[in-house]
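The values are calculated or read from the model by the stated rules, or taken from the named source; none is laboratory data. This structure is a prediction, so every number in the text was calculated from the model and none was measured. Heads up, the Cβs are rebuilt from the backbone with ideal geometry, glycines too, and the neighbour counts pull from every protein chain shown. With ligands, DNA and RNA removed, areas are computed over all heavy atoms of the protein, side chains included. Shrake-Rupley method; radii C 1.70, N 1.55, O 1.52, S 1.80 Å.
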Amino acid sequence: LTSLLCLGDCQVQTPCRIQKCTTDFVSLTSHLNLALESFDLEFCKALRAYSACTYRNSKVCRGNLDYHSAVLGISDLMSQRNCSKDGPTSSTNPEVTHDPCNYSGHTEAREHQGGEKTPPPPTYLFCGLFGDPHLRTFKDHFQTCKVEGAWPLIDNNYLSVQVTNVPVVPGSSATATNKITIIFKSYQDCTDQKVYQAVTDDLPAAFVDGTTSGGDGNTKSLQIVEKVSGRYVEMRARYIGTTVYIRRLGHYLTLAIRMPQELVMAYEESQDLQLCVNGCPSSERIDDSGRLPLPVMGQLLPQGGAAHPRSVYTLETATTKCHEKMLVKDIYFYSCVFDLLTTGDANFTAAAQSALQDVEALHPRKEHWHIFPSSGDGGVGKGSKFFVGPGLVCLILLVFL
C-alpha cells in the first residue's frame, strides 16, 4: 500500500529489525536451565520463533551481515538440538515469561510495562535484633531496649515476626530473646500460610507443620535451609523477596531480616506497633535520654543475689575480649562491651559479631554497614563513657572506682 501511494522518486525503506529478533530470542532462552528435561523443547520453540522473525525481515535485511549470520546460526542450532522446522513457537511477549512467585521477576515485569521510562529497582531494608537486646530498625536507628515479654518486630500484609524477651540478670532491666515466631502469610498460589517457631533449646530446620518449603515443590518459593545444625538457619521467601537469618548463641537467639520497602510499609494503622518499623516505645528503652548507667565492676547483682558461676568483666577486659572478635570499633563493638559488663556472658560477644556479619550479608548499602561513634576519642571518653552519634542510642558507661 505504501508503494502504491509513493509517486516519482519517492522511496520508502522499512528498517531491518534483525536486532529485535535476536533480543527476543535471548529473552526467551536466558532463563532456561540445561538441567531441566524441558530444555530442548523450550529451546526449539524459541529457535522457531527466531526463525520466523528472520523470515519476516528477509527482504528488508537482505544486505545486512547480522541477518545472514543469524540465519546461519539458527540453522546450526536447530541441527545441534534436533529441532524440527515445523512446530509450536514461543510467544515473544515478555509478560508471559516472568515467574509470579519470584519478587524480583515480577518487579522486572512491572518495569517492562512502564516502557522506556523504567522505574528504579526495588529498595530493600534491613532490621536486626541481638544481645540485651539491641535493635537496628529498618531506618538504621540503633536502640537498646528491655521489651520484656512478647513484642512484634514486623506485622504487615505478608509477614509477621514476634519475639519474646526474658530478663538476663536478676536485678537488671536488661533482657534477651529466647523465642521467635514467624508467620509467612498465604500468598496467591505461591505458598500457603507457614509458621516457624524457635526457642533457646530448639532451633528447628522446618516449619511447625514439619515441612521445609512452601509452594510448588519444584520452584520452592519459600524455603528453610539449615546452615549449622541447631545453631543457624536461613529462610528465603522468593515470592516476597525476603531473607531471614536466625541464630542460637548460648541461651539466646538473634534475628536479621532483609525485605523490600514497599512490602515493609504494606500494613494497616492498627499494626503500627512494630519494633523494626518504629523502634521501641520510649518507656521500653533502657537508656534514659541516651544515658545508661552500668553496675559497679564486680557487682553485677544486688547484694546477696544468687547467680550461676561466671566470670566478671571489667571495662578493660570486656574491651579486650570484644576486640578479639571485632577489629572495627563501631556500635556493634560497643554493644558487645556493654553486654559483657552487664551479663558476664561471653556468648554475647559471638552474638554481636554474628549480628555484624548478618548486616554485611543482608544490608543493601555497604556504606551503612557500620555505625560509628561520633566522638573524636574513638568512642571512649573521660570517665569511662561511650558516645554514639546523635539520633542513635548513646551508651554511657558510668563505672565507679
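Rank-order 168-178, 57-67, 258-268 by packing density, defined as the average count of other C-beta atoms within 10 Å over each peptide's residues, highest first. Write out the running numbers ahead of the final one.
Working: 168-178: 19.9, 57-67: 13.9, 258-268: 17.1.
Output ranking for 168-178, 57-67, 258-268: 168-178, 258-268, 57-67.
Suppose accessible area is computed on protein heavy atoms with a 1.4 Å probe; arrange Glu284, Glu37 from highest to lowest.
On the way: Glu284 40, Glu37 185 Å².
Sorted by accessible area, descending: Glu37, Glu284.
Can you flag which of Lys139/Lys366; Lys146/Lys185; Lys146/Lys179; Lys45/Lys85 are past 19 Å Cα-Cα?
Numbers: Lys139/Lys366 15 Å; Lys146/Lys185 28 Å; Lys146/Lys179 15 Å; Lys45/Lys85 10 Å.
Over 19 Å Cα-Cα: Lys146/Lys185.
Roll a 1.4 angstrom probe over the protein heavy atoms and tell me the percent of accessible area of the range 17-81 that is carbon or sulfur. If you can, show how the numbers build up before the last one.
On the way: 2230 of 4160 Å².
Ligands and nucleic acids excluded, carbon and sulfur reach 53 percent.
Sorted by accessible area with a 1.4 angstrom probe, largest first, how do Asp76, Asp40 fall?
On the way: Asp76 90, Asp40 70 Å².
Accessible-area ranking of Asp76, Asp40, largest first: Asp76, Asp40.
Heavy-atom accessible area of Lys321 with all protein chains present, probe 1.4 Å, nearest 10 Å²?
Surface accessible to solvent at Lys321 totals approximately 70 Å².
Provide the solvent-accessible area of His370, counting protein heavy atoms only and rolling a 1.4 Å probe, rounded to the nearest 10 Å².
About 50 Å², rounded to the nearest 10.
By per-residue mean of other Cβ atoms within 10 Å, what is the highest-first order of 337-349, 189-201? Walk me through the numbers on the way to the answer.
On the way: 337-349: 23.7, 189-201: 16.5.
Highest mean packing first, the order is 337-349, 189-201.
According to the square roots a ≥ b ≥ c of the eigenvalues of the Cα gyration tensor, what is the shape class of the range 124-286, taking rounded for a/c under 1.5, prolate for a/b larger than b/c otherwise, and oblate for the remainder? Provide the component values of the computation, followed by the final result.
Values: a/c = 2.17, a/b = 1.34, b/c = 1.62.
It comes out oblate by the Cα gyration axes.
If you average 1/r over every pair of different alpha-carbon atoms in the range 17-81 and take one over that average, what Kirkwood value in Å do you get? Before the final figure, lay out each step's value.
Values: mean 1/r = 0.0823 Å⁻¹.
Kirkwood radius, the range 17-81: 12.2 Å.
So what is the accessible area of the range 17-81 per residue, in Å², with the probe set to 1.4 Å? Write down the numbers at each step before the final one.
Working: 4160 Å² over 65 residues.
Spelled out: the 1.4 Å probe surface of the range 17-81, per residue, equals 64 Å².
Within the accessible area of the range 313-365, what % is carbon and sulfur when the probe is 1.4 Å and the other protein chains stay in place? Walk me through the intermediate numbers first.
Values: 910 of 1850 Å².
Carbon and sulfur atoms account for 49 percent of the accessible area of the range 313-365.
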